Amino acid sequence: MLTLKKIKMVKGEIRVPSDKSISHRAILISSIAEGKSVIRNWLVSEDTKATFNAVLQLGVKAHMKGNEVIIEGRDYLFNEPSNILDAKNSGTTARLLMGVLSTQDFFSVITGDESLRNRPMLRVVEPLRQMGAWLDGREKGNKLPVAIRGGKLKGISFFNKRASAQVKSALLLASLKADGITEITEPYLSRDHTERMLRLFGAEITQLEGVDGHIVKIKGGQKLYGCEVYCPADPSSSAFFVALAVLIEGSELILKDVLVNPTRDGFFRKLKQMGAHIEYLNLREISGEPIADIWVKGKGRLRGINVGEEDIPSVIDELPLLALIMSLAEGTSSVRGAQELRVKESDRIKAVVENLRSMGAKIEEYEDGFYIEGVEKLRGAYIRTYKDHRIAMTFSIAGLVADGETIIDNPECVSVSYPDFFKDLERLTHQT
Ligand SMILES: O=C(O)C1=C[C@@H](OP(=O)(O)O)[C@@H](O)[C@H](O)C1
Ligand SMILES: C=C(OP(=O)(O)O)C(=O)O
């Protein structure tokens, strides 16, 4: 349990830990490549360690020193694991691993913690079956544990209707060992780190716009070569500090080295539309990804906005935090088309509505989002995190701007993406 109270202001500079999505991919793509890779500024967290430990169980030789990882790639020649692979709380680990393991002519089983064992897997299992792999699990393959026996695969054409980057990435990682071409179409472009990193490792990938949305095409049989990958600061982790600065007038922060890939920076763009003062400085590209230092200044109350289906992929993990900001903005706001929030580490729509209401917000629940009428103040409350890191961090920010005391249950769940979150928060809020 953690108790938080209102603070006056936040000022300073911070480089938050590296991007979780890129850190998972760096391990997996280095492992399937040939030769040595060096991963710099890797995120050391519970989720990414689950991916790291899984590849060790497949026979990959990897060495971690601080946040640098050196990996000897296996060029898709892995060992049959002698035990179950544990993805713990990490959806990305489970789903991307399924793609890699579908290429392997051996038996493997993936499981996870209680939350992950309740999350849907058929979205990945079905297309991988279509490609020719054998997968089965609880509820006809929809729930972990899932067993896999991979082997000879063929390329498929697949419509990724949920615009899930985990589904797309699993198929791309499998496609390199499939006969022919794999083509994935999605209604809105989901995060494209896998495409960018596969290119960095030497693959040829075509991306184009079609009538049904964004298309990615890849030819099987291509070889990847180990290289150096730099992991930038996570925009999803940076978002909590940006939120704090925009919610408290007079605050000013610089967030260093943040990934500003357009498939990920929807939160910052939405805040600007709400009237926030945010600028990208020193925009540059490293390891195929755009990076900037973000300057943010708190300058009074923001205006409500509507967020629709097309906006969702680039802001999906920040929606709980955006809901908090909307609840303190002038006028009304809404989020629609975000039903995927119900199948994350917790039912994030329920968790947001319940906790914001207990703090005095005016919020109505939709099946696929929420409707919010801004209020001037929130009051401290007892917060149920459902052991979901994004809920714990969102309501810690809420606790620092609300009147009275806020109590967070299970604050330690932040360790899946940001183990030192509370230390960093304390440092920045005590400098002022
Ligand atoms: O590919 C990834 O790294 C992720 C994709 C998203 O999930 P979906 O693929 O389920 O949309 C996101 O919510 C998750 O935090 C990380
Ligand atoms: C949804 C998330 O991650 P994952 O799906 O990898 O568990 C997240 O980090 O918000």
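Values as computed for the structure displayed
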| quantity | calculated |
| --- | --- |
| Within segment 10-49, tally of residues that are of a type in the set (Lys, Arg) and more than 21 Å from the chain's Cα centre (by Cα) | 2 |
| Qualifying residue in segment 71-93 (condition: farther than 23 Å from residue 36 by Cα, out of contact with any strand residue (DSSP E or B) (no Cβ under 8 Å at 6 or more places or on another chain) and not in a loop (DSSP other than H, G, I, E, B)) | yes |
| Some residue of segment 146-161 being buried (at least 23 other Cβ atoms within 10 Å of the Cβ), closer than 30 Å to residue 314 by Cα and within 16 Å of ligand 2 (Cβ to nearest atom) | yes |
| Strands (runs of 3 or more DSSP E) enclosed by segment 133-234 - at least 2 residues per element that are in the same structural domain as residue 24 (by TED's automatic domain parsing) and without any contact (Cβ under 8 Å) to a residue 60 or more places away in the chain | 134-137, 143-149, 157-159, 181-186, 205-210, 213-219 |
| Complete set of residues in segment 1-53 that are in contact with a helix residue (DSSP H, G or I) (Cβ under 8 Å, 6 or more places away or on another chain), farther than 18 Å from residue 228 by Cβ and in a loop (DSSP other than H, G, I, E, B) | 1, 6, 7, 10, 16, 17, 45 |
| Residue 244 being buried (at least 19 other Cβ atoms within 10 Å of the Cβ), away from ligand 2 (no atom under 16 Å from the Cβ), in a strand (DSSP E or B) and touching a residue at least 60 places away in the same chain (Cβ under 8 Å) | no |
| Criterion (in contact with a strand residue (DSSP E or B) (Cβ under 6 Å, 6 or more places away or on another chain), touching a residue at least 24 places away in the same chain (Cβ under 8 Å) and not assigned by TED's automatic domain parsing to the domain that holds residue 118) met by exactly one of 382, 366 | 382 |
| Residue under evaluation residue 143, criteria (1) more than 25 Å from residue 197 (Cβ to Cβ); (2) away from ligand 1 (no atom under 16 Å from the Cβ), criterion not met | (2) |
| Which numbered condition residue 194 misses (of (1) under 26 Å from residue 20 (Cβ atoms); (2) within 16 Å of ligand 1 (Cβ to nearest atom); (3) surrounded by fewer than 18 Cβ atoms within 10 Å (Cβ to Cβ)) | (3) |
| Any hit, segment 79-88, residues being among the hydrophobic types (A, V, I, L, M, F, W, C) and away from ligand 2 (no atom under 16 Å from the Cβ) | yes |
| Among the residues listed as 90, 37, 30, the single one being surrounded by 22 or more Cβ atoms within 10 Å (Cβ to Cβ) and in contact with a His (Cβ under 9 Å, 6 or more places away or on another chain) | 90 |
| Entirely in segment 328-432, the helices (runs of 4 or more DSSP H) that have 3 or more residues that are modelled with pLDDT under 95 | 421-430 |
| Filter pass, residue 71 being more than 16 Å from ligand 1 (Cβ to nearest atom), under 20 Å from residue 201 (Cβ atoms) and in contact (Cβ under 8 Å) with a residue 40 or more places away in the chain | yes |
| Residue match in segment 102-120 (condition: more than 24 Å from residue 388 (Cα to Cα) and within 16 Å of ligand 1 (Cβ to nearest atom)) | no |
| Tally of residues being under 15 Å from residue 272 (Cα atoms), among the acidic types (Asp, Glu) and within 16 Å of ligand 1 (Cβ to nearest atom) across segment 304-350 | 2 |
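The values are calculated or read from the model by the stated rules, or taken from the named source; none is laboratory data. Computed from a predicted model, the values in this text were never measured in an experiment. Virtual Cβ from ideal backbone geometry, glycine too; neighbours counted across all protein chains shown.
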